[in-house]
1. So, R0 is 30 Å and r is the distance between the beta-carbons of Ser272 and Arg242; what FRET efficiency does that work out to, to 0.05?
2. Out of the chymotrypsin sites (Phe, Trp or Tyr not before Pro) in segment 73-115, which ones are loop residues according to DSSP with at most 11 other C-beta atoms within 10 Å?
3. Ignoring ligands, DNA and RNA, please state the percent of accessible area on segment 119-175 from carbon and sulfur, probe 1.4 Å.
4. Which net charge results when you count Lys and Arg as +1 and Asp and Glu as -1 among the other residues whose beta-carbon is under 15 Å from that of Asp139?
5. Starting from 0 in steps of 5 Å, tell me what percent of the Cα-Cα pairs of the chain lands in each bin.
6. Which listed residue (Leu241, Leu270, Leu260) has the Cα farthest towards the positive end of the charge dipole for segment 212-274, taking +1 on Lys and Arg C-beta and -1 on Asp and Glu C-beta about the Cα centre?
7. Take the alpha-carbon centre of segment 85-107, take the same for segment 45-75, and report the distance between them in whole Å.
8. Report, in listed order, any pair from Lys167/Lys212; Lys9/Lys84; Lys84/Lys201; Lys95/Lys201 with a Cα-Cα distance greater than 29 Å.
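The values are calculated or read from the model by the stated rules, or taken from the named source; none is laboratory data. Note that the structure is a prediction, hence the values are computed from the model and not measured. All Cβ positions, glycine included, derive from the backbone under ideal geometry; neighbour counts span all protein chains shown. For accessibility, only protein heavy atoms count, side chains too; no ligands or nucleic acids. Shrake-Rupley method; radii C 1.70, N 1.55, O 1.52, S 1.80 Å.
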Amino acid sequence: MNDILKSAKWDELVHARYRVSVSTATQLNETLEVLLSHRSVRAYLPEALPDGTVETLVAAAQSASSSSNLQVWSVVAVEDTARKARLAEFAGGQKHILEAPLFLLWLVDLHRLTALGAARGEPAEALDYLESFLLGAVDTAIAAQNAVVALESLGLGAVYIGGIRNKPAEVAAELGLPPHAFALFGLAVGRPDPARPASVKPRLPQDVVLFKEQYNWGEAQQAGIAAYNERLRTFQREQGLRQQDWTAQAGTRVRNAGALSGRDILHQVLHSLGFTLR
Ligand SMILES: Cc1cc2nc3c(=O)[nH]c(=O)nc-3n(C[C@H](O)[C@H](O)[C@H](O)COP(=O)(O)O)c2cc1C
């Protein structure tokens with residue numbers, strides 16, 4: 001690609017992400033192209049993934065940084081149709097889980113270090129603290145995102161499934177999880193069906209999320225959000241979706257405990273799964 005074409009492509013990708021021009025000083029490369037082109041994919045071709053795909057994705061995931069190199073996550077790869085169907089129901093009946101040839105369940109896994117501590121006859125008390133759970137959630141998420149970038153670079157598509165946290169105890173039983181292991185989210189993976197393509201969803205303008213030196217919530221942010229409501233409505237119109245402001249959507253999603261679809265009892269469920277969260 002020559003430089004002019006490269007920069008036209010970069011402008012196009014940034015524009016698709018924001019629906020407005022953004023001044024950047026970047027030369028396009030393949031990594032940025034994959035990142036900027038991300039969209040959640042919920043429609044897949046009914047074909048198995050090439051042998052070794054899971055191992056490739058896990059290699060990418062394990063290449064992510066790991067807090068103190070503790071490596072406190074694991075992943076369960078599910079391909080069995082009946083198991084996918086049960087997990088799809090736990091996640092609120094999300095059909096795309098069943099359609100995907102591969103469903104990855106990303107676990108905060110404090111069991112490994114707990115078991116190793118017990119085998120050495122040593123306590124592992126630090127794992128009882130909220131900090132350790134948070135560390136596990138952070139590491140699991142950045143590892144999974146590495147896998148997403150990797151699979152998108154291979155022409156595959158995926159969607160995260162937080163819906164599995166609607167029924168965490170049932171998911172844990174289905175996956176045969178030991179105490180101190182928690183399925184943080186799922187990831188449905190497959191080859192995108194070109195007949196049902198997904199589009200790049202615009203994001204909040206950078207004015208709203210990027211602060212220089214200090215946080216500053218003011219008129220620029222309010223204006224940016226108003227502009228975003230308009231841009232998202234345009235996107236929804238193009239996609240044949242119901243038009244609704246982002247502020248209304250987000251407001252509904254955070255309105256009350258009921259909006260958490262059963263996850264309001266997560267603290268109790270985590271306790272029952274062995275997480276003390278002191
Ligand atoms: C942790 C996490 C959990 C998610 N859970 C779900 C889910 O259960 N079902 C779903 O269809 N999409 C889910 N999504 C996808 C988001 O809805 C999607 O990323 C967002 O609308 C932005 O769209 P995009 O990924 O296409 O840019 C989840 C995303 C993340 C990061």
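1. Details: r = 38 Å, r/R0 = 1.26.
About 0.20, to the nearest 0.05.
2. none
3. Numbers: 1470 of 2540 Å².
Solvent-exposed carbon and sulfur of segment 119-175 make up 58 percent of the total.
4. Working: positive: Arg112; negative: Asp109, Glu131.
Net local charge, Asp139 excluded: -1.
5. Spelled out bin by bin, the chain gives 1, 5, 10, 13, 15, 16, 15, 12, 7, 4, 1, 1, 0 percent.
6. Leu241
7. Centre-to-centre (Cα) distance: 18 Å.
8. In this structure, Lys167/Lys212; Lys9/Lys84 lie more than 29 Å apart at Cα.
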